[in-house]
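Have a look at the structure below, then the notes.
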Amino acid sequence: MRTLFTILFMAAFFFNLEAQTNCVIKKAYAFYTVSTPGMQMSDENGNPITPKTDIARFIYIECCGKAKPELETVLYNNVELNATLTPITGKSVIPGDNPENNASFKITAKNANRLWRIDLHAPAGKEMPVPDCKNIYINTRVKSKTCTLKLEKETLLASMPRY
């Protein structure tokens with residue numbers, strides 16, 4: 001009986017290990033800024049042209065280890081965006097380009113973890129998805145397995161004025 005119990009316990013343990021994914025991303029924080037030119041432009045006939053709103057999106061991820069994560073895709077409302085991954089020097093960062101107004105969003109990595117910034121851009125010919133997206137997926141590859149992380153909110157940050 002004891003042998004049977006040991007075999008069942010070990011089998012359950014090994015099946016559980018296989019079911020878990022080794023996702024390198026431990027935490028992720030999605031942010032966006034919205035800026036509009038301050039002066040309205042006009043066409044050659046003097047008719048006003050509505051200014052185009054510029055949406056900048058970026059995600060900070062906290063990963064275990066020092067190796068660069070392998071990003072496959074980043075989806076916003078099922079729209080794939082082009083992603084550029086850059087490492088953050090240091091253990092903490094204040095997101096955005098206006099540190100005075102965004103200090104309350106300071107991100108600090110735990111020991112042995114590293115911060116990375118994913119800058120997102122709309123593919124050529126497509127527009128950036130609407131602000132305040134609630135359906136964000138980050139797909140990474142770890143040892144031939146795909147790991148998916150879902151974010152359910154993105155935060156609006158204050159940005160520097162644009163003219």
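Considering only residues that are part of a strand (DSSP E or B) and open to solvent by 40 Å² or more (accessible area, probe 1.4 Å), look in segment 120-148 and name the one that is farthest from Tyr76 (Cα to Cα). By that ranking, first place goes to Lys145.
Does Arg117 satisfy the criteria of being open to solvent by 80 Å² or more (accessible area, probe 1.4 Å) and not in a loop (DSSP other than H, G, I, E, B)?
Working: open to solvent by 80 Å² or more (accessible area, probe 1.4 Å): no; not in a loop (DSSP other than H, G, I, E, B): yes.
No; evaluated as a whole, the condition is false for this residue.
Are any of the residues in segment 36-51 more than 13 Å from the chain's Cα centre (by Cα), surrounded by 13 or more Cβ atoms within 10 Å (Cβ to Cβ) and at pLDDT 80 or above? There is no residue in segment 36-51 that is more than 13 Å from the chain's Cα centre (by Cα), surrounded by 13 or more Cβ atoms within 10 Å (Cβ to Cβ) and at pLDDT 80 or above.
In segment 60-87, which residues are surrounded by fewer than 17 Cβ atoms within 10 Å (Cβ to Cβ) and not in a strand (DSSP E or B)? Within segment 60-87, Gly65, Lys66, Ala67, Lys68, Asn77, Asn78 qualify. Filter segment 52-72 for residues that are in contact (Cβ under 8 Å) with a residue 24 or more places away in the chain and either closer than 16 Å to Ala158 by Cα or among the acidic types (Asp, Glu) (or both) and give the result. Within segment 52-72, Asp54, Ile55, Ala56, Arg57, Phe58, Ile59, Glu62, Glu70, Glu72 qualify. A search for C-beta distances below 6 Å between a residue of segment 26-37 that is in contact (Cβ under 8 Å) with a residue 60 or more places away in the chain and any residue that is acidic (Asp, Glu) and in a strand (DSSP E or B), counting only pairs 6+ apart in sequence or on different chains, returns Lys26/Glu62; Ala30/Glu154; Tyr32/Glu154; Ser35/Asp54. Against the conditions (1) modelled with pLDDT of 90 or more; (2) not in a loop (DSSP other than H, G, I, E, B), Ser104 satisfies every one except (1).
Is it the case, given these coordinates, that Thr155 is touching a helix residue (DSSP H, G or I) at 6+ places or on another chain (Cβ under 7 Å), in contact (Cβ under 8 Å) with a residue 12 or more places away in the chain and outside any loop (DSSP other than H, G, I, E, B)? If you could, list the steps in order and put the result at the bottom.
Values: touching a helix residue (DSSP H, G or I) at 6+ places or on another chain (Cβ under 7 Å): yes; in contact (Cβ under 8 Å) with a residue 12 or more places away in the chain: yes; outside any loop (DSSP other than H, G, I, E, B): yes.
Yes, satisfied.
The values are calculated or read from the model by the stated rules, or taken from the named source; none is laboratory data. It should be emphasised that the depicted structure is a prediction, and the values quoted were computed from it without experimental measurement. In this analysis, Cβ positions are derived from the backbone assuming ideal geometry, glycine residues included, and neighbour counts consider all displayed protein chains. What goes into the accessible areas is simple: the full protein's heavy atoms, side chains included, and nothing from ligands, DNA or RNA. Shrake-Rupley method; radii C 1.70, N 1.55, O 1.52, S 1.80 Å.
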